[in-house]
Number of protein chains: 2
Amino acid sequence: MKLKFELVKTEKNTKARHGIIHTNYGSYKTPMFMPVGTQATVKTLSPEELKDINSGIILANTYHLWLRPGEDIIKMAGGLHKFMNYDQPILTDSGGFQVFSLAKPKDISEEGVKFKNHLNGDNLFLTPEKSIEIQNKLDSDIAMSFDECPPASASYKYLKNSLERTLRWAKRGKQVHNNSNQALFGIVQGGPYKDLRKYSAIETVKLDFDGYSIGGVANDGESKADMYNAVDYSIPYLPENKIRYLMGVGEPIDIIEGVIRGIDIFDCVLPTRLARHGHAFTKYGKINIKNSKYKTDFSSIDNNCDCYTCKNYSKAYIRHLIISNETFGARLLSIHNIRFLTKLTEDLRESIEKDNILNFKEEFLNNYCGGQNE
Amino acid sequence: MKLKFELVKTEKNTKARHGIIHTNYGSYKTPMFMPVGTQATVKTLSPEELKDINSGIILANTYHLWLRPGEDIIKMAGGLHKFMNYDQPILTDSGGFQVFSLAKPKDISEEGVKFKNHLNGDNLFLTPEKSIEIQNKLDSDIAMSFDECPPASASYKYLKNSLERTLRWAKRGKQVHNNSNQALFGIVQGGPYKDLRKYSAIETVKLDFDGYSIGGVANDGESKADMYNAVDYSIPYLPENKIRYLMGVGEPIDIIEGVIRGIDIFDCVLPTRLARHGHAFTKYGKINIKNSKYKTDFSSIDNNCDCYTCKNYSKAYIRHLIISNETFGARLLSIHNIRFLTKLTEDLRESIEKDNILNFKEEFLNNYCGGQNE
């Protein structure tokens, strides 16, 4: 059975929505943040820890799993859920983002993209059909259409041609999609241009996907204004009763702005990547645990936080672990950072129920931006 | 309160003993294997995971914690238990082993050892008094006397002079020891020589420590015969009612041989180090999870094992994690490898109760040595 989205409530003053995603692996409330498990593991964490954090869907990367261990091995294992022992829903991306960011040089044609395997330099060719075939085998709960992710610097003309091709790719992918337990999402492109976003949204929706994502908003060099505009330009043309997904977004502020604009789900490597570098979200901004002022700071990272890390460990201990290259440090910070974002979405849901999301935003930003940013 | 050792039973046919160590953090059965938490963390694992494995005492390294974060910071945190959130007993070594193995060049005098900090090249000086002072501050449950660890190649004459000095160091350390919750152990040295081991054991016991370890048996280049001889030569002179600790030993076979010779506790980095390199203990010998034959092996590492890893994950998945440099792989193998050794000690206790440890040894070795060794 494919997942179903139930829209529960739209906030009074904004486009923010609260809903429920019903899946074969349970029901989950939106807005939701999805941690990234690139290589079939959310770096350093166990499935039980993710549950403990109250995290729901995770994202796995088709490109990485295609190269290693290979989709056929995962299919033999009984699919990604069984392979990685994860009994909550999984979304797989299309591989497009990695092909366009990791695997250079590349050669884009109507048929697909030729590029070099970033691990061993082998020639590879990814097409919309191949991306869907891999995702069908991975047996994730949500598959994404294969799209081109143009750089932020791309011209209007390039973006227009690119999104036309992305639409043709979306259609081709949908035609070969063959997994009755897997939803398939379309992706709206169009860079920072209002007319392109509108056109892309309308044409993508005509193809009738199970959900829609807004892509091309987390590229290097793109401004926050461009990101918010891309959402504003796209949302009016997306159906109310389908999930809306803002890809690659994980800054607390951007999650809030996305939710206010009508986004339901988000994903980003940010919380785990920050963790590995010793950074932690707090109510009063990001901190860098390596700072020497934390040497003898025996308080928790954020005394407003209910996570395992904050309940049991001090900044001084976590600092010691990070400085000493002990992976338990990255694990403790990953738990905290993911919990920070899932807690943020819980608070956003509550503010939607109470119709006070704008007040919530103001208070959150006053604290978050008024504090440290290390 | 200092820990107390209660000898419960000696096996009928050998010197193997089963006992209970009563500590401020609970009571634990011997024989026992102690995982190593070098930098105040057993690499990749949480305290809860160690409990789940049924592990008891862990070892932390005085040398490493002295350099980073420093014993004063750990004292300010309320001691090592509080600092690392570990509510089972902790043993600290003296720093001697690391000074003699990691921190070269060194300059040994009657007063102590001059050497270079292996992290930044600073000149450092460690004395028996300093080692005990650091351990007092760390507030571990068991402190070790500062000893010289001569190389396996050392001459009889060198070893004799060295152990005389180690005896004087042991006495000096005991005189300054000042922590009523911390036991202090003496260390028997003497290399492979029967008369030196006897002399060292008798003279160390005269100093009346809370327990005794047999040192200098896990050096590079030392044979298994030398190791077993060192134990055989020392044990007769150690009191029945005190813990006997074989330092740095963690190969399953050596644990069995040590127990048969009358050893109670063991420590070694082996299970966690093997894990990081993709090796796993099994009933039928060690396996290398990176071998391509495990690519599509969806069975657990060892179907005789009751650990979290074996209950939930396949060889194929763990292989994928290790090959992809995902630390969750090292974590899963660390859980398994430590559980393998703690289970071995549980089985050894049972065989002591049943007076059939020699049969147990034969059966274990038939399986372990008759299988793969990858």
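Here are the criteria: (1) touching a helix residue (DSSP H, G or I) at 6+ places or on another chain (Cβ under 6 Å); (2) open to solvent by 60 Å² or more (accessible area, probe 1.4 Å); (3) away from chain A (no Cβ under 11 Å). Tell me which single one B:G370 does not satisfy. The number of the failed condition is (1). Checking each residue in segment B:167-189 for being open to solvent by 10 Å² or more (accessible area, probe 1.4 Å) and part of a helix (DSSP H, G or I) picks out B:L167, B:R168, B:K171, B:R172, B:K174, B:Q175, B:V176.
If the condition is being among the polar types (S, T, N, Q) and away from chain A (no Cβ under 13 Å), then segment B:42-60 contributes B:N54, B:S55.
Only helices (runs of 4 or more DSSP H) whose full extent lies in segment B:285-360 are considered here, and the ones with at least 1 residues that are in contact with a Pro (Cβ under 6 Å, 6 or more places away or on another chain) are B:315-323, B:327-353.
With respect to the conditions (1) part of a loop (DSSP other than H, G, I, E, B); (2) crowded, with 18+ Cβ neighbours inside 10 Å, A:E203 lacks only one, and its number is (1).
Look at (1) in a loop (DSSP other than H, G, I, E, B); (2) surrounded by fewer than 23 Cβ atoms within 10 Å (Cβ to Cβ) and you find that B:L365 fails only one, number (1). Taking segment A:286-331 as the range and being facing another protein chain (nearest Cβ under 7 Å), of a type in the set (S, T, Y) and either in contact (Cβ under 8 Å) with a residue 24 or more places away in the chain or open to solvent by 30 Å² or more (accessible area, probe 1.4 Å) (or both) as the test, the residues that pass are A:T296, A:T327.
Taking the criterion of being within 13 Å of chain A (Cβ to nearest Cβ) and touching a Phe, Trp or Tyr at 6+ places or on another chain (Cβ under 9 Å), the residues of segment B:332-359 that qualify are B:L332, B:I335. Does A:G96 satisfy being open to solvent by less than 10 Å² (accessible area, probe 1.4 Å), more than 29 Å from A:D52 (Cα to Cα), out of contact with any strand residue (DSSP E or B) (no Cβ under 6 Å at 6 or more places or on another chain) and touching a residue at least 40 places away in the same chain (Cβ under 8 Å)? Against the criterion (open to solvent by less than 10 Å² (accessible area, probe 1.4 Å), more than 29 Å from A:D52 (Cα to Cα), out of contact with any strand residue (DSSP E or B) (no Cβ under 6 Å at 6 or more places or on another chain) and touching a residue at least 40 places away in the same chain (Cβ under 8 Å)), A:G96 qualifies. Condition first: surrounded by 18 or more Cβ atoms within 10 Å (Cβ to Cβ), within 14 Å of another protein chain (Cβ to nearest Cβ) and farther than 27 Å from B:A201 by Cβ. Can you find one or more residues in segment B:110-122 that meet it? Checked segment B:110-122: no residue is surrounded by 18 or more Cβ atoms within 10 Å (Cβ to Cβ), within 14 Å of another protein chain (Cβ to nearest Cβ) and farther than 27 Å from B:A201 by Cβ.
For segment A:211-226, give me the residue count where each residue is farther than 19 Å from A:G96 by Cα and part of a loop (DSSP other than H, G, I, E, B). Steps first, please.
From segment A:211-226, those farther than 19 Å from A:G96 by Cα are A:223-226; that's our starting set.
Pick out the ones that are also part of a loop (DSSP other than H, G, I, E, B) and you get A:223.
Residues that pass the stated criteria total 1.
Can you pull out the residues in segment A:274-285 that are within 14 Å of another protein chain (Cβ to nearest Cβ) and among the aliphatic types (A, V, I, L, M)? Within segment A:274-285, A:A275 is the sole residue that qualifies. Within segment B:81-93, does at least one residue satisfy the condition of being more than 13 Å from chain A (Cβ to nearest Cβ), buried (at least 21 other Cβ atoms within 10 Å of the Cβ), in contact (Cβ under 8 Å) with a residue 40 or more places away in the chain and within 18 Å of B:T127 (Cα to Cα)? Among the residues of segment B:81-93, at least one is more than 13 Å from chain A (Cβ to nearest Cβ), buried (at least 21 other Cβ atoms within 10 Å of the Cβ), in contact (Cβ under 8 Å) with a residue 40 or more places away in the chain and within 18 Å of B:T127 (Cα to Cα), which makes the answer yes.
The values are calculated or read from the model by the stated rules, or taken from the named source; none is laboratory data. Keep in mind it's a predicted model, so treat the numbers as computed, not measured. Every residue, glycine as well, gets a Cβ built from its backbone with ideal geometry; the counts of neighbours run over all protein chains shown. Accessible surface areas use protein heavy atoms only, side chains included; no ligands, DNA or RNA. Shrake-Rupley method; radii C 1.70, N 1.55, O 1.52, S 1.80 Å.
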